[in-house]
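Trainee: Pasting a structure here, questions to come.
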Amino acid sequence: VNIKKGQFAAAEAMQFAAQKVVDAGNSQVMLTERGNMFGYGDMIVDYRNLIWMKEMGFKVIMDSTHSLQQPNNGSGTTGGLPQLIEPMAKAAVAVGVDGFFIETHPDPSTALSDGANMLPLNKMEDLLTKLLRVRESIS
């Protein structure tokens, strides 16, 4: 079960959500970081959350696209910062995440939802190759 940390939640709160799944009989829990909203129309990733959730003993996933959303950015639609996907993902590898959630699309400008923060599909292989190199360099 993959539980995505709410935009309003602290990492410590995820222990309780994960424990409910474990208590129900499923110890295969993943916790996903997707940033926090501080009221400025922008998501902010606190990389300490990745470390703290990992210390709980669960697999930790970095949502490298939703964490770059800019909800209600003044245009009436959600914006994003897709140019930051790669550096944010590299930083997540450096702190030891177990995996990634990355929204992708052949043409993000035509996506029905969240296109503003998606990675174009033709850039996915290059990104994954770079992330594997970062992981190998810190092993």
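Coordinate-derived values only; no laboratory data. Since we're looking at a predicted model, the values are computed, not measured. Neighbour counts are summed over all protein chains in view; Cβ atoms, including those assigned to glycine, are modelled from backbone coordinates with ideal geometry.
Trainee: Could you pull out the pairs from K54/K90; K59/K123; K4/K130; K4/K123 whose alpha carbons sit more than 21 Å apart here?
Mentor: Correct reply: K59/K123; K4/K130; K4/K123.
Trainee: Sticking with this one: Using amide H atoms built 1.01 Å from N in the peptide plane, name the residues 5+ places from G79, or on other chains, whose amide H lies under 5 Å from its own.
Mentor: Counting only residues 5 or more places away or on other chains, the set is Q70, N72, N73.
Trainee: Answer rounded, prolate or oblate for the stretch 62-139, using the Cα gyration tensor with square roots of eigenvalues a ≥ b ≥ c: rounded when a/c is under 1.5, else prolate when a/b is larger than b/c, else oblate.
Mentor: It comes out prolate by the Cα gyration axes.
Trainee: Quick one: if the Förster radius is 25 Å, what FRET efficiency do R133 and L84 give, using the C-beta to C-beta distance and rounding to 0.05?
Mentor: Working from the Cβ atoms, E equals 0.85.
Trainee: When ranked by the protection proxy of mean other Cβ atoms within 10 Å per residue, highest first, what sequence do the peptides 125-136, 61-72, 94-105 form?
Mentor: 61-72, 94-105, 125-136
Trainee: Report relative contact order for the chain in percent, whole number only (criteria: Cα-Cα under 8 Å, sequence separation at least 6).
Mentor: 19
Trainee: A further question on this structure: Which FRET efficiency value, to the nearest 0.05, is calculated for K123 and S27 with the Förster distance at 25 angstrom and r the Cβ-Cβ distance?
Mentor: After rounding, the FRET efficiency stands at 0.10.
Trainee: From the alpha carbon gyration tensor of the stretch 7-68, can you work out the equivalent ellipsoid semi-axes (sqrt of 5 times each eigenvalue) and give them in Å, largest to smallest?
Mentor: For the stretch 7-68, the semi-axes come out at 23, 11, 10 Å.
Trainee: Let me know the charge dipole size of the stretch 47-139 about its Cα centre in debye, to the nearest 20, where only the beta-carbon of Lys, Arg (+1) and Asp, Glu (-1) is charged.
Mentor: 300
Trainee: At a Förster radius of 41 Å, what calculated FRET efficiency corresponds to the Cβ-Cβ distance of A94 and V1, to the nearest 0.05?
Mentor: Taking R0 as 41 Å, the efficiency between A94 and V1 is 0.95.
Trainee: Per the helix-only calculation at 222 nm, which mean residue ellipticity applies to the chain, given -39500 (n - 2.57) for every DSSP H run of n ≥ 4 and division by its residues, nearest 500 deg cm²/dmol?
Mentor: -9500 deg cm²/dmol
Trainee: Sequence-distant or interchain residues sharing an amide H contact under 5 Å with K4, placed H: which?
Mentor: T32
Trainee: At 0.36 nm per residue, and after removing the present C-alpha to C-alpha distance, how many nm does the segment from M56 to A13 gain when stretched out fully?
Mentor: So the chain would gain 14.4 nm between M56 and A13.
Trainee: Highest first, please rank the peptides 26-39, 107-120 by the mean number of other Cβ atoms sitting within 10 Å of their residues.
Mentor: Ranking, from highest mean packing down: 26-39, 107-120.
Trainee: How charged is the neighbourhood of V60? Take every other residue with its Cβ under 15 Å from the Cβ of V60, and add Lys/Arg as +1 and Asp/Glu as -1.
Mentor: Here the charged neighbours net out to +1.
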